[in-house]
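The values are calculated or read from the model by the stated rules, or taken from the named source; none is laboratory data. Only a predicted model underlies this, so the values are computations on that prediction, with no experimental measurement involved. Quick reminder, even Gly has a Cβ in these numbers, built from the backbone with ideal geometry, and neighbours come from all protein chains shown.
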């Protein structure tokens, strides 16, 4: 601290050290270097080419667009460089019952009538036995476009339902990290190659003062960002923060991943197919398809899980399957002393709803909102930890819902998750839904009302009744308005190009993908 005229002012954080690269490390570096442009601060990222990254987080949710926009990244360039595709939502297969199929779209369902929520009118018309009401997915522009394999960018000025489309991306996580690395280094981030062998601590405060590399180099810092993956090099191995294990609610603990060749033009959505002891993902990119089988080792051995994955691939494998082991949960403190953990070092929730990259983004945004001086305020650090716990627990509950809201009993795994006790916070939400189909968003909860509606209805959790206020509107007028809405969504979607055509026209398709690649069912 310095003192002038009797006023004590804190010191500024001058040197930030990021431990680990990958998606988390380079997202942090790109964001920090974007704003630390006063020439008085340094950002150093330490990573080793000898240490691999998990790198399977290829699907995202719409807030990723805000992060890219904050960095002034051209969306078309980003898609081209990461071999990315658009994502309008997630298709779930066999989750409620075997044979079921539903879509969790990005964006809203329909339009409210006189302040009455659309889904309540849908539930009311369903209860009245209205003819030709369709599925709730028929009232989502994103759902209808996805079902037809079409895409169009929304515009606030558009006077058509295209403006209601909401989207995220699929991309190659390794290429995204490389893309952000170029950006961060142009903005002044210094990358150091090397393996970290130890951390040095301040004897009085306990803060980390420096990290030491295998060649003896010491890198000092005021603030350290731990992006070292599941290992948690600083946040756990050095600071022993502790870990809250949530595997009794989310028991899957393995993933086997393998890329395959494309056999068709990429779909604008992710697919999640339930399997006997977990689920399988399918993520279409421009140059390949990402596949993985997430399963619980308590109910299925690795050989059987690999066989199930390989037997359910659509294209030819492009690499050997690799296994990732994890334990669902989070650090008891995402920020301890002067170390902030991001990504897998902070916690892990299975990628069922594509939240992994968002958790990194949320952590970075929260760090910006509470960026410290020296010495670091315990009040601000505690506020960061409280906020991160809130978002992790919100996501945790939404993922648990997918398992709890099942009628499957064909395997021990599905019987366990169907019958297990769940957190009180989720029980309250499910009971409110069961009474009158009500969903309330709390605090800064990530998943809004349409997401909960999609999973509840998609997995056959029907409310006992609808909101009584919906009965105040004329049944015939509502039915006619819903019919017109449904027809408008479909006719609008039919006029949109396929997403591959859209990507090519926008200059977002990577030039290495030949124009005739999919025309004759060829493989990349």
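So for the range 497-504 (the condition being in contact with a strand residue (DSSP E or B) (Cβ under 7 Å, 6 or more places away or on another chain), at pLDDT 95 or above and not in a helix (DSSP H, G or I)), does at least one residue qualify? Yes, the range 497-504 has at least one match. Of all residues in the range 399-408, one or more are within 24 Å of the chain's Cα centre (by Cα), at pLDDT 95 or above, closer than 24 Å to residue 134 by Cα and part of a loop (DSSP other than H, G, I, E, B).
If you take the residues of the range 108-125 that are in contact (Cβ under 8 Å) with a residue 60 or more places away in the chain and surrounded by fewer than 21 Cβ atoms within 10 Å (Cβ to Cβ), which of them is farthest from residue 460 (Cα to Cα)?
114
Residues that are surrounded by 17 or more Cβ atoms within 10 Å (Cβ to Cβ) and in a strand (DSSP E or B) within the range 287-323 comprise 289, 290, 291, 292, 293, 294, 295, listed in sequence order.
Does any residue of the range 513-523 turn out to be at pLDDT below 95, under 28 Å from the mean Cα position of the chain (by Cα) and either surrounded by 15 or more Cβ atoms within 10 Å (Cβ to Cβ) or under 27 Å from residue 274 (Cβ atoms) (or both)? Checked against the condition, which is being at pLDDT below 95, under 28 Å from the mean Cα position of the chain (by Cα) and either surrounded by 15 or more Cβ atoms within 10 Å (Cβ to Cβ) or under 27 Å from residue 274 (Cβ atoms) (or both), the range 513-523 yields at least one hit.
Of the residues in the range 174-192, none is modelled with pLDDT of 95 or more, in a strand (DSSP E or B) and within 20 Å of residue 268 (Cα to Cα). If you check residue 205 against the conditions, is it surrounded by fewer than 19 Cβ atoms within 10 Å (Cβ to Cβ) and either closer than 17 Å to residue 25 by Cα or out of contact with any strand residue (DSSP E or B) (no Cβ under 6 Å at 6 or more places or on another chain) (or both)? Here the answer is yes, as residue 205 does meet what is asked.
Within the span defined as the range 146-161, one or more residues are in a helix (DSSP H, G or I) and more than 21 Å from the chain's Cα centre (by Cα). A search for C-beta distances below 6 Å between a residue of the range 156-183 that is under 14 Å from residue 358 (Cα atoms) and any residue that is surrounded by fewer than 19 Cβ atoms within 10 Å (Cβ to Cβ) and at pLDDT 95 or above, counting only pairs 6+ apart in sequence or on different chains, returns 168/62. Taken as a whole, the condition of being part of a helix (DSSP H, G or I) and closer than 18 Å to residue 361 by Cα applies to residue 67.
Looking only at the range 328-350, residues that are crowded, with 22+ Cβ neighbours inside 10 Å and not in a loop (DSSP other than H, G, I, E, B) come to 12 in all. Could you count how many residues in the range 456-473 are more than 16 Å from residue 408 (Cβ to Cβ) and either in contact with a strand residue (DSSP E or B) (Cβ under 9 Å, 6 or more places away or on another chain) or part of a loop (DSSP other than H, G, I, E, B) (or both)? Of the residues in the range 456-473, 11 are more than 16 Å from residue 408 (Cβ to Cβ) and either in contact with a strand residue (DSSP E or B) (Cβ under 9 Å, 6 or more places away or on another chain) or part of a loop (DSSP other than H, G, I, E, B) (or both).
The residues of the range 415-425 that are assigned to a helix (DSSP H, G or I) and either over 24 Å from the mean Cα position of the chain (by Cα) or free of Cβ contacts under 8 Å to residues at least 40 places away in the same chain (or both), listed by number, are 415, 416, 418, 419, 424, 425. Looking only at residues of the range 373-408 that are touching a strand residue (DSSP E or B) at 6+ places or on another chain (Cβ under 7 Å) and over 30 Å from residue 278 (Cα atoms), we find that the one that is surrounded by the most Cβ atoms within 10 Å (Cβ to Cβ) is 384.
Taking each residue of the range 426-439 that is on the phi > 0 side of the Ramachandran plot and modelled with pLDDT of 95 or more and looking for partners that are crowded, with 17+ Cβ neighbours inside 10 Å and outside any loop (DSSP other than H, G, I, E, B) with beta-carbon atoms closer than 6 Å, six or more apart or interchain, yields 437/123.
Residue 15 fulfils the conditions (1) modelled with pLDDT of 95 or more; (2) out of contact with any strand residue (DSSP E or B) (no Cβ under 7 Å at 6 or more places or on another chain) except for a single criterion, (2). Remark: pairs (first residue in the range 337-353, free of Cβ contacts under 8 Å to residues at least 12 places away in the same chain and at positive phi; second residue part of a loop (DSSP other than H, G, I, E, B) and surrounded by 24 or more Cβ atoms within 10 Å (Cβ to Cβ); Cβ separation under 6 Å; 6+ apart in sequence or on different chains) are absent.
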